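The values are calculated or read from the model by the stated rules, or taken from the named source; none is laboratory data. These figures come from a predicted structure and were not determined experimentally. FYI the Cβ positions are ideal-geometry reconstructions off the backbone, even for glycines, and counts take in every protein chain you see. Keep in mind that these areas ignore ligands, DNA and RNA; they rest on the heavy atoms of the full protein, side chains included. Shrake-Rupley method; radii C 1.70, N 1.55, O 1.52, S 1.80 Å.
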Amino acid sequence: GDLSMRYDVILMDIDNTLLDFDAGTRDALTEMLATYGLELTPEREHLFHTVNNRLWKQYELGEIPKAAIFEQRFGQFLGKLGISCDALAENARYAKLLSQSAVFMPHCVELLEALKGKCRLVGVTNGVVTTQKPRLEKAGFARYLEQVFVSEAMGCKKPEKEFFDKVFAALGPVDKSRCLILGDSLSSDMQGGRNAGIAACYYGSDPDDRCDYVITDLLDLIPIVEG
């Protein structure tokens, strides 16, 4: 990397950091509920996130296998709306709709353009390969990110140290004091940074002591990286 930079390897979370996952979710849920003659209200959207986040958190804590998320979330969500469904089939429909969505977070492209060629940009995501791959391709991230590490393909996930060990092994010799992780999740990205022994930049609100830096606009990462 360029020695004038404070950080020359940036690990970047994808969902709700670079891509607006919630916008994709909204579009997919709108289309799914329409099948049942329902509108996607803010309350229904909130309900989906509550159900989904609870299952993902259980998975992160090792309480349920990943498959349980996909087997249960639409049964729980649509069940609460009084709809009985084939939960796995609905999940597959949702995943397909989601895989076609690539809405950028504000200033995402400007950030990537500003850092491209100045430091190594690497994607790190806990997503599902079949959902993430088409979205990343549609977003055109190949021209910015040298590699994207997807937990499902690696057999481990953020925030586990093993995930980051595998990332660094694949990247080759890296000075960890010059590495930074950017993400919107305290439990997977910021804790991941701690577990990996690298600096962590939180993109969000209500930070805690796992965050070395906090930004609310992606462009604010540039002066941090430049040091």
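Output the relative contact order of segment 1-151, whole-number percent, from Cα pairs under 8 angstrom with separation of 6+ residues.
32 percent
How big is D for segment 102-216, in µm² s⁻¹ as a whole number, if Stokes-Einstein is applied with the Kirkwood radius of its Cα pairs at 37 °C and 0.692 mPa s?
So the translational diffusion coefficient is about 223 µm²/s.
Per residue of segment 38-45, in order, report the coupling 6.51 cos²θ - 1.76 cosθ + 1.60 (Karplus, θ = phi - 60°) as ³J(HN,Hα) in whole Hz, putting x for Gly and Pro.
These are the phi-based 3J(HN,Hα) values: 10, 9, 8, 8, x, 5, 5, 5 Hz.
What is the spread of the Cα atoms of segment 1-85 along each of their three principal axes, largest first, in whole Å?
59, 30, 17
What is the distance, in nm, between label points placed 7 Å from the Cα along the Cα-to-Cβ direction at E110 and at D86?
4.6 nm
Would you calculate a helix-derived [θ] at 222 nm for the chain, using -39,500 (n - 2.57) for each DSSP H run of n ≥ 4 and dividing by the full residue count, to the nearest 500?
That comes out to -14500 deg cm²/dmol.
Considering amide H positions built from the backbone, and no H for Pro or chain starts, which residues 5 or more places from A199, or on another chain, come under 5 Å of its amide H?
C179, I181
To check you understand DSSP bridge types, tell me what percent of the beta bridges within the chain (both residues inside) are antiparallel, rounded to 5.
5 percent
State in Å² the accessible area per residue of segment 165-227; use a 1.4 Å probe, count heavy atoms of protein chains only, and round to the nearest integer.
Counting only protein heavy atoms, the per-residue value for segment 165-227 is 42 Å².
So what are the ³J(HN,Hα) numbers for segment 12-23, from phi and the Karplus equation (6.51, -1.76, 1.60; θ = phi - 60°), rounded to whole Hz, Gly and Pro as x?
3J(HN,Hα) across segment 12-23, in whole Hz: 10, 5, 9, 6, 6, 10, 9, 10, 7, 5, 5, 5.
If packing is taken as the average number of other Cβ atoms within 10 Å across a peptide's residues, how do 174-184, 146-156, 53-63 rank, most packed first?
174-184, 146-156, 53-63
Under 16 Å from the Cα of K176, which lysines turn up, not counting those fewer than eight places away in the same chain?
Those lysines meeting the cut-off are K161, K166.
For A95 paired with S177, estimate the spin-label separation in nm (one decimal), with each label point 7 Å from Cα along the Cα-to-Cβ line.
Spacing of the two 7 Å Cα→Cβ label points: 4.4 nm.
Would you work out what percent of the accessible area of segment 40-199, with all protein chains in place, is carbon or sulfur (probe 1.4 Å)?
On segment 40-199, the fraction of accessible area on carbon and sulfur atoms equals 56 percent.
Could you work out the relative contact order of segment 107-153, using alpha carbon pairs under 8 angstrom and six or more residues apart, expressed as a whole percent?
Averaging sequence separation for qualifying contacts and normalising by length gives 51 percent for segment 107-153.
Residues of segment 29-158: accessible area per residue at 1.4 Å, in Å²?
49 Å²
Label points 7 Å out from Cα along the Cβ direction at T41 and R26: separation in nm?
Simple spin-label model gives 1.8 nm for this pair.
For the chain, compute Rg over Rh where Rg is the Cα radius of gyration and Rh is the Kirkwood radius from the inverse mean 1/r over Cα pairs.
A ratio of 0.98.
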